[in-house]
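The values are calculated or read from the model by the stated rules, or taken from the named source; none is laboratory data. All values derive from a computational prediction rather than experimental measurement. All Cβ positions, glycine included, derive from the backbone under ideal geometry; neighbour counts span all protein chains shown. For the accessible areas, the whole protein counts, side chains as well, though only heavy atoms, and no ligand, DNA or RNA atoms are used. Shrake-Rupley method; radii C 1.70, N 1.55, O 1.52, S 1.80 Å.
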Amino acid sequence: MAAAVVTLYPTTTPPSYHRIVSPTLKIPTDTQRPIPVGLLACQRDPLLCELETTIISCTISQPASSPSVKKGKKASAPAPVDQPTLEVILHDTVVFPEGGGQPSDTGIIKTADGRTWTVTQAKRHGGHAVHYVRAEQAEDGLSCLTPGEKVTVALGELDFDRRYDHMSMHTSQHLLSAVLENRLDIHTLSWSLTAAPAPCYVELARSMTAEEILAIQNEANKLVFEGRKVHVEVQEMGDKPQPAVPVLESGRAIGKGVPTDYTGGIMRTVIIDGVDRNPCCGTHLPTLHNLQLFIIPQTETLSRSATTSARLYFLAGPRLITYLTSTHSQLTAAAATLSCGAPAVPDRIEQVVDDRKRAEKRVDDLEFELAKHVAGDVSQEMKSSEAALFVKHVHRTDDSVNPLGFLSAITTAFANIVPAGRPFVLVFSSSPSSQTSTSASVLLVFGSDEKCVKAAGDLLKGKLNVKGGGKGTRWSGKFTGVWRESREDAVISEVLKVIST
């Protein structure tokens, strides 16, 4: 039975979370103008799930494509078409448009007639948040989502779970990057908020030791347990040029600056009390409480043409709970399979691996002895033959993972005992015990003369549709289908007969 994961969310955002520090900056109240990205409700109050607002504009983004029917063809059923997408700009919104490394929210818009419209994503266009709304018919959407209409924009339960996961990982990334820089002077070059439940990562200028990672984790969690507060300060950007993004000696930039296409005019800074100040447009939790951080104790080194960096993976919040639940379930399942307690799983796995290595060694030894025995039988038959060119086909049933390897071992053993100067062509084949139309049988041709071996291989290709090739005195191939003695064996006998004449 799957374990249930319960996450207790903070219920309200403190009034002190969002702070306007520019004396002339005001949140626009004119409902005919959109509030710019940087001052949106989702950024002022990241725990707000519903908001009554006004539609500013609605346009068609992706018109529905008409199914095409070829001339002279009868349409048996209508072909599926993509639903049109509408681009909706609202006066304000709780749906976060992607930015700052954080993916877009999903949500809904409810109109006065009681209908609910799905917001598949939101993006920033210049300084405005644009909602991409799915509609069955474009005209229907345009008639309902008309400018000036009052609507309710909201995050459903799953939408808010997704947002909370994004906030948890984003705030944790700010904390992790700050502790890395303050304690070890390691800068974060970039980061990735991956799709849940995978760990997120920060890309660093260098790799880290396990001891360094543990020290950083302990330092970050000390701040988490203290419950450091998080708040946002916003101000007008003004006409002053923005500071350049710092660059390392290697040429790699540290983070990213304000996007060049941003026209909202708002500078937004996220502050973790006593720890970090960082420009960011993303949504963040108002406290580090419940954000215990787990860092996977290894780094992944990345080598580029001129620089080397490393990825450090981490989890926090609901994603960490999911990770621990999944890991525990996997450990419990492994313990049950190995018939031991969970703490004994590593030792039991080591024992199983050692036992398997010994078993494989024993199988290899036995196959070597069997290969010498088969080669000896063929050699004895060749000694009693008076044919100028000795030919022989040996077929085996073999369910091992490498039947061709065993056939090769037979030829090696035979080469060690065959009399010098005695011409021969041997064909060894092997099929699984249970066969279907997709089963694979292997063949190996071995001979004293390269021309005879190649001729035999070419004939097998033509008569049995074998796929293969070779070099020198060995040729190997694969036959797909059911191997029958009355059919395939007979063909090989015919091929050897042609070679020997």
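Helix 345-383 axis versus longest C-alpha principal axis of the chain: approximately 30°, rounded to the nearest ten. One decimal place: the segment residue 381-residue 458 gains 25.1 nm when fully extended, by the rule 0.36 nm per residue minus the C-alpha distance.
The helix-only estimate of mean residue ellipticity at 222 nm for the chain, built from DSSP H runs of length n ≥ 4 each weighted as -39500 (n - 2.57), is -10500 deg cm²/dmol after division by the residue total. Take 279-292, 222-235 and order them by the average number of nearby Cβ atoms within 10 Å per residue, most first; the result is 279-292, 222-235.
Add +1 for every Lys or Arg and -1 for every Asp or Glu among the other residues with Cβ under 15 Å from the Cβ of residue 338, and state the total. Neighbourhood net charge equals -2.
What FRET efficiency do you get for residue 157 and residue 357 if R0 is 56 Å and r is their Cβ-Cβ distance, rounded to the nearest 0.05?
0.65
Straight Cα distances below 19 angstrom link residue 478 to the aspartates and glutamates 398, 399, 458, 488, 489, 494, with same-chain residues fewer than 8 positions distant left out. Counting only protein heavy atoms and a 1.4 Å probe, the chain has 54 square angstrom of accessible area per residue. When the listed pairs 357/471; 372/471; 123/150 are checked against a 29 Å cut-off, the alpha-carbon distance exceeds it for 357/471. Between 230, 390, 475, the Cα set farthest toward the positive side of the dipole of the chain (charges on each charged residue's Cβ, about the Cα centre) is that of 390. To the nearest ten degrees, helix 210-226 and the longest principal axis of the Cα atoms of the chain are 30 degrees apart.
Overall, the anisotropy analysis places segment 294-349 in the oblate class: the square-rooted eigenvalues a ≥ b ≥ c of its C-alpha gyration tensor yield a/c not less than 1.5, with a/b not exceeding b/c. Once the C-beta distance of residue 11 and residue 334 is scaled by a Förster radius of 35 Å, the resulting FRET efficiency is 0.35 to the nearest 0.05. Placing +1 on the Cβ of every Lys and Arg and -1 on the Cβ of every Asp and Glu, with nothing else charged, gives segment 353-501 a dipole about its Cα centre of roughly 440 debye. Here are labelled values, (1) 17, 30, 24, 22, 6, 0; (2) 20, 41, 31, 8, 0; (3) 22, 53, 21, 4, 0, and one is the computed P(r) over Cα pairs in 20 Å bins from 0, in percent for what I pasted. Which one? The listed entry that was calculated here is (1). Taking every alpha-carbon pair under 8 Å whose residues sit at least 6 apart, the chain reaches a relative contact order of 11 percent. Helix 490-500 and the longest principal axis of the C-alpha atoms of the chain enclose an angle of approximately 60°. Taking all protein chains together, 150, 497 sort by accessible area into 497, 150, largest first [probe 1.4 Å]. I need the shape label for segment 437-501. Rule: rounded when a/c is under 1.5, else prolate if a/b > b/c, else oblate, with a, b, c from the alpha carbon gyration tensor. Cα axes put segment 437-501 in the oblate bin.
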